[in-house]
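Single-structure report; data block below.
The values are calculated or read from the model by the stated rules, or taken from the named source; none is laboratory data. As the structure is a computational prediction, the values presented were derived from the model and not from experiment. As a convention, Cβ positions derive from the backbone with ideal geometry for all residues, glycine included, and neighbour counts pool all protein chains shown. Surface areas here come from the heavy atoms of the whole protein model, side chains and all, with no ligands, DNA or RNA. Shrake-Rupley method; radii C 1.70, N 1.55, O 1.52, S 1.80 Å.
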Amino acid sequence: MDQLIEKLRQNGALERNEWITLLNRRSRIDTDELFALSREVRESVYGKDVYMRGLIEFTNYCKNDCYYCGIRRGNNKAERYRLTEDNILDCCLTGYGLGFRTFVLQGGEDPYFTDGRLERIVRAIKKSLPDCAVTLSVGERSGNSYERLFNAGAERYLLRNETANGAHYKMLHPPVLSLENRMRCLRDLKEIGYQVGCGFMVGSPGQTPECLADDLMFIQAFKPQMVGIGPFIPHRDTAFAPKPQGSLGLTLFLLAIIRLLLPNLLLPATTALGTIHPKGRELGILAGANVVMPNLSPSGVRGKYLLYDGKICTGDEAAECRFCMQRRIERIGYKLAVSRGDCVGFYRKDLI
Ligand code: SAH
């Protein structure tokens, strides 16, 4: 096995220049051997269980103009929608019947969803389904807002940092957005007590091995409970339309080394990975991922939450996605768990 991978496995950390070296010699690394190792590490913590999260894309209104994103404010071709509180609760109830015990509410940064409105929604879900976890993924908010939502019952928060490199951040975002504020949000979320997910797109325009090394250094220092990574995929109505999509090989490689870096991590095999390759999510699980996020959004709006071109499953019903996922996971020797699927070690009860 590669010396740096051995070192990573033993120390749980590498220096920045070592990350760069490792990334630069990826093509010479035996990935069969690497993935066998990352699966061994993943199975020592989570066994063969794959956790599923029901993804509810509840609004595609967004006040931001991120250059890569299909639902950016400036895209006037995007057909906008918002789900009502009742719609969202219905999705959760349907999902519960299908075995989901975690719901991820994701959306653009939509000012309609004030703290008060989001609190009501979170409270309603927790009241109807007290054995379920609620994950929010609604972008940058104030520390006070995160605190209110946590007190309403949200226990996890996904906020990809997108990149940990300041210059790269500016290439992906308009000047009103800053890496400093993104990082402030992540620190606030952690301090409040959420299980926190950061992450980035693989192969986003301008990304270099140095940028990825900065991402890995950040993950190493921040120690999140979740890391969401998936390939960048261009969207036809953005300035990045002509840019190439991120590679399958690099995404799988990063999943494996991130698993070695933080063995207890919740690591999803993302929809974007399933979009660039028909077996992308299965390959992600086989590289060390342990979470999948089938879509629970009502079928009428799925085709409107288009962050990138070619998104899969936009025509399916929740139950179809759920059972399709089960078949896929079982075919590769894993099993979908009916469980909240918390990060091992996060709650004291995990340690007992
Ligand atoms: N507004 C929320 C949710 C954003 S959508 C937030 O700011 O966190 C979730 C993720 O989709 C983003 O964090 C981004 O990493 C990813 N994404 C957006 N556009 C994409 C694209 N063109 N290709 C691949 N992933 C994309």
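Based on a Kirkwood Rh over C-alpha pairs, give the Stokes-Einstein translational diffusion coefficient of the range 220-301 at 37 °C and viscosity 0.692 mPa s in µm²/s.
It diffuses with D of about 240 µm²/s by this estimate.
Contour minus end-to-end for R26 and V344, with contour as 0.36 nm per residue of separation and end-to-end as the Cα-Cα distance?
The span from R26 to V344 would gain 111.5 nm if fully extended.
Express the Stokes-Einstein translational diffusion coefficient of the range 3-342 in µm² s⁻¹, to the nearest whole number, given a Kirkwood radius over alpha-carbon pairs, 37 °C and a viscosity of 0.692 mPa s.
Using the Kirkwood radius from Cα pairs, D works out to 164 µm²/s.
What ranking do 189-195, 263-269, 230-236 get when scored by the average of other Cβ atoms within 10 Å per residue, highest first?
Values: 189-195: 18.6, 263-269: 25.4, 230-236: 22.3.
Going by the mean number of other Cβ atoms within 10 Å, highest first, we get 263-269, 230-236, 189-195.
How big, in percent, is the set of alpha carbon pairs in the range 237-352 lying more than 18 Å apart?
Counting pairs separated by more than 18 Å, the tail of P(r) holds 58 percent.
Determine the percent antiparallel among the DSSP beta bridges restricted to the range 3-342, to the nearest 5.
About 5 percent, rounded to the nearest 5.
As a test question: what accessible area, to the nearest 10 Å², does D86 have when a 1.4 Å probe is rolled over all protein chains in place?
100 Å²
How much of the accessible area of the chain, probe 1.4 Å, is carbon plus sulfur, in whole percent?
So the carbon and sulfur contribution to the accessible surface is 51 percent.
For K190, which aspartates and glutamates qualify as cross-link partners when the Cα separation must be under 16 Å and same-chain residues fewer than eight apart are set aside?
Hits, sequence-local ones excluded: E140, E147, E155, E180, D342.
Separation between the E18 and K48 pseudo-spin-labels, each 7 Å from Cα along Cα→Cβ, expressed in nm?
3.4 nm
Is it possible to state the helix-based mean residue ellipticity at 222 nm for the chain, with each DSSP H run of 4+ residues giving -39500 (n - 2.57), the sum divided by total residues, to the nearest 500 deg cm²/dmol? What is it?
Helix contribution divided over all residues of the chain: -13000 deg cm²/dmol.
Which of the lysines could a cross-linker bridge to K48, judged by Cα under 22 Å and excluding same-chain residues fewer than eight apart?
Within reach: K279, K335, K349.
Accessible area, 1.4 Å probe, largest first: how do S178, S297 sort?
Numbers: S178 40, S297 5 Å².
The ranking, largest first, comes out as S178, S297.
Membrane-span-like helices in the chain: DSSP H runs reaching 15 Å or more (Cα, own axis), mean Kyte hydropathy at least 0.0?
Helices passing the filter in the chain: 85-97, 209-222, 248-261.
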